[in-house]
1. Would you compute, from DSSP H runs of 4+ residues alone, the mean residue ellipticity of the chain at 222 nm, taking -39500 (n - 2.57) per run and dividing by the full residue count, rounded to the nearest 500?
2. Given the C-alpha centroids of segment 108-172 and segment 32-80, what is the distance between them in whole angstrom?
3. Can you give the % of DSSP beta bridges in the chain that are antiparallel, to the nearest 5?
4. For the pair residue 126/residue 191, report the inter-label distance in nm, with labels modelled 7 Å from Cα in the Cβ direction.
5. Extension gain residue 97-residue 134, at 0.36 nm per residue separation less the Cα-Cα distance, in nm?
6. Ignoring solvent entirely, what values of log10 I(q)/I(0) come out of the Debye formula for segment 103-197 at 0.14, 0.18, 0.24 Å⁻¹ when each Cα is a single scatterer?
7. How tilted is helix 3-17 with respect to the longest principal axis of the chain? Cα atoms for both, answer in degrees (0 to 90, nearest 10).
8. Starting from 0.36 nm per residue, how many nanometres of slack lie between residue 73 and residue 36 once their C-alpha separation is accounted for?
């Protein structure tokens, strides 16, 4: 592989990263505008992602949304609840940071949230399950710069058996409505299955 080919591959990876729904979802401004406006793909019921090796069942009366870009399909987002809306993010991607354990991904995610200027009020990382995979559950209560509103992020992280893939199911919600919207993410985590390579 020559330098030119490598540079093109890196550029395409960076462009694809820009389409990840989680990166579009600001911690305090959700659901992402990109999923509420313009063209998008919609998913209902059983969602299978063969490229990243997982499936999950979207609960009845809910719709999963994804960017319209046909070259990208890592997962989807669900916009739920009455106002204020919550946002659930389901994703699979290469384990590019080579996490050995799900708790490492959870710790890095917590550190990233704090670096964004958000004030972390409380956080906890506990062992969990995502389908048949060992997982880490991160629950964080935080506020955003210049705001007194409190939010909760609950993320379940897992790594594929061969360590090549990183999986995530995350709920972003206003703190007062976290329990109201938690049932959706619990149902997704319960239905999630690893399909293998």
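1. Calculated at 222 nm, the ellipticity per residue is -7500 deg cm²/dmol.
2. Taking the Cα centre of segment 32-80 as reference, the centre of segment 108-172 is 20 Å away.
3. 100 percent
4. 2.4 nm
5. Length gained between residue 97 and residue 134: 11.5 nm.
6. For segment 103-197 at q = 0.14, 0.18, 0.24 Å⁻¹, log10 I(q)/I(0) is -0.53, -0.82, -1.24.
7. Relative to the chain, helix 3-17 is tipped by roughly 20 degrees.
8. Extra length from residue 73 to residue 36 when fully extended: 11.6 nm.
We did not get these values from a lab; they are worked out from the coordinates using the rules stated. As the structure is a computational prediction, the values presented were derived from the model and not from experiment. Quick reminder, even Gly has a Cβ in these numbers, built from the backbone with ideal geometry, and neighbours come from all protein chains shown.
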